[in-house]
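Notes follow once the structure below has been shown.
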Amino acid sequence: MLDLDSRTFDDFWRLDDDGLSDAMDATPVSRMRVIRDPGIVGYAVAGRAAAQGFLQRLAVDPSHQGSGLGSTLVHDALHWMRRRGATIAWVNTQEANARALALYEHLGFRAADHHLTVLARAVR
């Protein structure tokens, strides 16, 4: 999956072993779904905390993007969340990632009423 992640995301957003573990551990309950053809061509990490579901990671090999795999993985994650009692699903993506935004909006996601502010500081 890390190889797929490196083909899908630029350096800043790419996950390493710790990042993938963090994504899986970000919620009390999580699940990863993988699509193979024959190697891994897509995966999604979904999580749930109380009634909130989270699509924590979605990656589709660039050579398979536009084939419906992303939609399949999102629908599968939403179904998993619903079966576990989630009543809302959250996803976070880059504002500049037009392809991801179009996918999520096509699948019924809408911008939240609030905006997040990201701050940074040196770690010493």
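Against the numbered list (1) over 23 Å from R99 (Cβ atoms); (2) in a loop (DSSP other than H, G, I, E, B); (3) among the hydrophobic types (A, V, I, L, M, F, W, C), F12 comes up short only at (1).
Residues in the stretch 1-19 that are touching an Asp or Glu at 6+ places or on another chain (Cβ under 8 Å) and in contact (Cβ under 8 Å) with a residue 24 or more places away in the chain were compared, and the one that is surrounded by the fewest Cβ atoms within 10 Å (Cβ to Cβ) is R7. Being among the polar types (S, T, N, Q) and either assigned to a loop (DSSP other than H, G, I, E, B) or touching a strand residue (DSSP E or B) at 6+ places or on another chain (Cβ under 7 Å) (or both) is the filter; apply it to the stretch 38-71 and report the residue that is nearest to L2 (Cα to Cα). Ranking the candidates gives Q56 first. Among the residues of the stretch 77-101, the one identified as part of a loop (DSSP other than H, G, I, E, B), within 16 Å of A44 (Cβ to Cβ), touching a residue at least 12 places away in the same chain (Cβ under 8 Å) and in contact with a helix residue (DSSP H, G or I) (Cβ under 9 Å, 6 or more places away or on another chain) is A86. What number of residues in the stretch 102-114 are surrounded by 19 or more Cβ atoms within 10 Å (Cβ to Cβ) and either within 11 Å of the chain's Cα centre (by Cα) or not in a helix (DSSP H, G or I) (or both)? Qualifying residue count for the region: 1. Residues that are buried (at least 18 other Cβ atoms within 10 Å of the Cβ), modelled with pLDDT under 95 and not small (G, A, S) within the stretch 28-53 are absent altogether.
The values are calculated or read from the model by the stated rules, or taken from the named source; none is laboratory data. It should be emphasised that the depicted structure is a prediction, and the values quoted were computed from it without experimental measurement. Quick reminder, even Gly has a Cβ in these numbers, built from the backbone with ideal geometry, and neighbours come from all protein chains shown.
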